[in-house]
Amino acid sequence: MSEGAGESVFERTAVGKRVTTQGRTITEADVTNFAGVSGDFNHLHTDAEAMAESDFGERIVHGALVFSVMTGLLWQSRTTAERDAVVAFYGVDRLRFRAPTFIGDTVHVELEVTDKEPRDHPVGNGVLTYDAEVVTGEGTVVLSCELRSLVV
């Protein structure tokens, strides 16, 4: 690791650390491409006419796409040392889609480190646990979850 030689990223990361990522606008192309990759052509995401008559009033973005955008924004927000320290995505708990995300919404991630668990692991030093929320530009939380990463 190039940054902060001596202590590992696991050791340097404090419970309570907060990160807010940059924003990203979910586009029509994102939804179309995600439907193609995932095979999820549910009318909620792909049928503008039917959804215009729904309670939502328009198509909604796949929840799994919002989750994927979240992981990408988090990756982009990390330093080189933090990226190098990630051994594995260790899991997700308490995932909830709390409000719809619409095409054209700009979202960002708000993250807080909530726990550090040292591990006797051949590759990683421990597991970091984070509370994560995906938030729209209007301040609506559309996704919340607990993430875990094995890091050195």
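Every number here is computed from the coordinates shown, using simple stated rules; none is lab data. Treat the numbers as computed from the prediction; the structure is a model and nothing was measured. When we count neighbours, we look across all protein chains shown, and the Cβ atoms used for this are built from the backbone with ideal geometry, even at glycine.
Things worth noting here:
- Per DSSP, loop GluC sites (Glu not before Pro) in the range 53-152 with at most 12 further Cβ within 10 Å: E53, E58, E138
- Centroid-to-centroid separation of the range 14-69 and the range 74-152 [C-alpha atoms, Å]: 18
- For the listed peptides 66-74, 92-100, a ranking on the average number of other beta carbons within 10 Å per residue, highest first, reads 66-74, 92-100.
- Once both labels are positioned 7 Å from their Cα atoms along Cα-to-Cβ, the gap between V19 and A81 label points is 1.4 nm.
- Helix content alone sets the calculated 222 nm mean residue ellipticity of the chain: runs of n ≥ 4 DSSP H residues at -39500 (n - 2.57) each, divided across all residues, give -7500 deg cm²/dmol.
- Solution diffusion estimate, µm²/s, Stokes-Einstein, the chain, Kirkwood Rh from C-alpha pairs, 37 °C, viscosity 0.692 mPa s: 196
- Remark: the range 87-152 carries a charge dipole of roughly 180 debye about the Cα centre, counting +1 on each Lys and Arg Cβ and -1 on each Asp and Glu Cβ.
- Three-way shape call for the range 61-130 based on the alpha-carbon gyration tensor, with the a/c threshold at 1.5: prolate
- Placing pseudo-labels 7 Å out from each Cα toward the beta carbon at A35 and A88 gives an inter-label distance of 3.6 nm.
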